[in-house]
Amino acid sequence: MKHFRTPKLSLYALAFYALIMALSLTGLINGYIQHIINQSLIYVILAVSLNLINGITGQFSLGHMGFAAVGAYVSGAITTLVFKVSPEAGFAGYAVFVGGIVAGGLAAALVGVLIGFPSLRLKGDYLAIVTLGFGEIIKTVLNNIPAVGGPRGLLGIPKFSNFSFIFAAAFLTLVVIRNLVESSHGRALVSIRENELAAELAGVDTTRYKVLAFAVGAFFAGIAGGLFGHLLQIAHPTQYGFMGSVLVLIMVYTGGVGSLTGSVIAAFALTFMSEGLRIVIDSLAEATSLPIGGEWRMVIYALLLVFIMLFRTEGLMGTKEARFLVIGDPAKEGTR
Amino acid sequence: MLKVKNLKVSYGQIEAIKDVSFEVPAGKIVTLIGANGAGKTTTLRALSGLEKASGGSIVFKGQDITGREAHGLVGLGISHVPEGRKIFPTLTVRENLELAGWTVADKKEVRRRMDEVFAMFPRVKERASQLGGTLSGGEQQMLAVGRAIVTGGELLLLDEPSMGLAPVLVDEIFEKIVEINKRGTTVLLVEQNAAEALEIADFAYVLEVGYTTISGPAKEIAADPRVREAYLGV
């Protein structure tokens with residue numbers, strides 16, 4: 001059980017949770033900020049799970065939002081269309097919600113296994129194209145199923161997602177993926193990233209481990225999708241397109257490929273930066289009476305990304321992990 | 001220990017190995033020599049399961065292993081040092097060695113084998129906490145051989161261990177191969193550097209465009225006029 005010791009991580013997580021809850025209850029952070037925090041935490045799940053596939057296992061995937069879409073639609077269909085529950089239903093409603101989220105994750109994992117198979121034969125750019133195609137196929141399929149709203153999207157999803165649920169899911173994701181990475185299975189995944197041939201010759205069943213990485217990564221992406229759907233109260237095909245996957249990929253790269261800590265930091269930083277720039281631009285336009293509007297937000301956002309990549313190519317954290325994310329020997333820090 | 005009979009391997013339409021037969025007796029060093037494109041590497045890759053044989057049979061320790069997958073053969077006792085070293089570049093030397101012992105359940109045994117590697121290659125020990133990718137070519141080759149020692153196994157397949165190395169380092173690597181063999185590991189060595197390979201080997205086979213043509217004790221092969229002319233340049 002040595003791999004499931006998480007005292008420090010749990011402590012920090014609990015402190016973060018208590019802080020946000022206290023600030024929220026005393027009204028120091030309003031609903032808008034709270035919403036951004038919730039979104040950031042969902043992006044934490046997406047970035048950490050994509051990092052398992054891209055950063056740890058080295059399988060370049062461009063279809064992560066496809067998995068999230070599966071989670072959003074499956075869980076949304078369960079709560080909205082099958083059981084027709086709402087938060088007013090109390091415990092039973094929440095039970096259906098949690099069951100729906102897990103079912104969404106499992107469905108996404110199944111799709112992940114299916115996508116894992118082409119990755120057995122393809123590498124690098126070619127794999128990226130195949131996963132990109134898969135993501136688009138999922139989007140297109142959803143666009144053409146009238147039962148879940150087709151191009152209109154799945155509307156009227158009850159708002160079950162709240163800070164506590166999203167936080168718990170993000171925490172569990174981090175703990176499970178961290179433990180996986182630090183286990184001997186994790187070493188097998190890293191060896192595939194480093195050199196697949198040498199991994200095979202060290203006795204690692206590379207086929208099995210690549211599928212495992214896709215399945216676990218997709219599972220958590222599905223969970224994130226489900227939480228997103230029940231936060232925004234809609235699941236729409238365009239939310240889960242190529243650009244969404246790229247955003248998560250950017251988080252993985254700006255945080256540092258292979259660093260889970262980096263993915264957490266980048267998920268928060270980029271989500272807040274994207275929203276913060278609205279305020280910056282608005283106040284700038286007011287103060288200087290320059291003709292700059294909201295359309296400049298993404299220009300500045302993109303420029304900031306370019307600068308991060310130019311001056312810190314390895315990402316904010318490189319491959320290093322915060323100490324509380326490393327199990328056991330502190331000397332192992334940063335050796336991944 | 002290893003018996004290869006009428007082996008055939010194809011890449012699509014191209015038959016790279018047409019008819020290769022040889023034997024590796026336990027405890028010996030056997031070398032396959034031949035020019036570029038003769039099929040040496042392909043033969044080794046087929047032995048360790050990286051390529052599928054399209055015909056013939058491979059029998060290891062009395063067991064037919066034709067068509068088995070590479071990762072499964074590691075447990076049976078075949079360790080393969082691939083052409084071009086293929087070390088793990090962003091892991092430290094120590095981690096490279098640890099990962100090589102991935103299938104070994106007893107981690108104390110892995111430590112013991114790592115100490116053995118460090119004793120054999122002091123240079124590798126000096127670089128233990130350095131990233132694999134920062135090593136020089138010769139050091140990487142030592143690390144690659146060290147990894148095979150940690151992986152363990154009774155049969156060691158070596159693919160061009162002298163490639164791209166300075167003559168001094170080539171001598172050192174070949175000395176270590178003899179040392180590993182003396183400790184009880186059977187060695188199958190694939191080499192273009194025929195002179196060096198024939199010097200340490202017990203038996204030799206010459207590979208030509210997918211066929212084994214000449215075979216016999218290494219000393220006889222080294223004296224064979226055809227081999228002397230074509231591969232030893234004398």
**Study point:** Average Cα contact separation per residue, chain B, under 8 Å, 6 or more apart, as relative contact order %
**Key:** 28 percent
Practice item. Ignore the peptide's own chain and count Cβ atoms of other chains within 10 Å of each Cβ in A:200-213; give me the average, rounded. Key: 6
**Study point:** Rel. contact order, % - alpha carbon contacts under 8 angstrom, at least six apart, chain A
**Key:** 29 percent
**Study point:** Alpha-carbon spread of segment A:147-273, three principal axes, descending order, Å
**Key:** 52, 32, 24
Review point. What share of Cα pairs, in percent, lie more than 23 angstrom apart in segment B:99-229?
Key: 38 percent
Check your understanding: Given 0.36 nm per residue, what is the gain on full extension from A:ASP205 to A:ALA95 after removing their alpha carbon distance, in nm?
Key -> 35.8 nm
Review point. How do B:163-173, A:160-170 rank on mean C-beta neighbours within 10 Å, highest first?
Key: A:160-170, B:163-173
Point to revise | Förster radius 56 Å - calculated FRET efficiency between B:THR134 and A:LEU11, Cβ distance, rounded to 0.05 | key: 0.95
**Study point:** Along principal axes, Cα extents of chain B, largest first, whole Å
**Key:** 47, 39, 32
Point to revise | Cα centre as origin, Lys/Arg/Asp/Glu Cβ charges: chain A dipole, Debye | key: 480 debye
**Study point:** Counted charge near A:GLY63, where neighbours are those whose Cβ lies closer than 12 Å (Asp, Glu -1; Lys, Arg +1)
**Key:** 0
Review point. Along the charge dipole of the protein assembly as shown, which of A:ALA224, B:ALA194, B:ALA26 sits closest to the positive end, that is, farthest toward it, with unit charges on the beta carbon of Lys, Arg, Asp and Glu (+1, +1, -1, -1)?
Key: A:ALA224
Point to revise | Cβ-Cβ FRET estimate between A:LEU23 and A:ASN144, R0 fixed at 30 Å, reported to 0.05 | key: 0.10
Review point. For B:73-83, what's the mean count of beta carbons from other chains sitting within 10 Å of each residue's beta carbon?
Key: 2
Practice item. Please work out the Kirkwood hydrodynamic radius for the protein assembly as shown, using every pair of different C-alpha atoms, and report it in angstroms with one decimal place. Key: 26.5 Å
Exercise for review: Could you check the simple spin-label distance between B:ASP171 and A:THR313, using points 7 Å along Cα→Cβ, in nm with one decimal?
Suggested key: 4.0 nm
Point to revise | Mean Cβ neighbour count within 10 Å, used as a protection proxy, ranking B:19-32, A:38-51, A:212-225 highest first | key: A:212-225, A:38-51, B:19-32
Check your understanding: Which order do A:MET309, B:MET120 fall in if you start with the one that has the fewest other Cβ atoms within 10 Å?
Key -> A:MET309, B:MET120
Exercise for review: Evaluate the charge dipole of segment B:98-184 about its Cα centre and quote only its size in Debye, nearest 20, assuming +1 on the Cβ of each Lys and Arg and -1 on the Cβ of each Asp and Glu.
Suggested key: 340 debye
Point to revise | Calculated on alpha-carbon atoms, Rg and Dmax of chain A in Å | key: 19.9, 66
Exercise for review: Starting from the Cα of B:MET163, step 7 Å along the direction of its Cβ; do the same at A:SER184; then give the gap between the two resulting points in nm.
Suggested key: 3.1 nm
Check your understanding: So who's got an amide H within less than 5 Å of the one on B:GLY55, skipping anything under 5 residues away but keeping other chains? H placed 1.01 Å off N, in plane.
Key -> B:LYS8
Review point. Per residue of B:88-94, how many C-beta atoms from partner chains lie within 10 Å of its own C-beta, taken as a mean?
Key: 4
**Study point:** 12 Å beta-carbon shell around A:HIS236, net charge (K/R +1, D/E -1)
**Key:** +2
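No value in this document is a laboratory result; all are computed from the given coordinates. Bear in mind that the values here come from a model prediction, so they are computed numbers and not experimental data. Cβ sites come from the backbone with ideal geometry, for glycine too, and all protein chains shown count toward neighbours.
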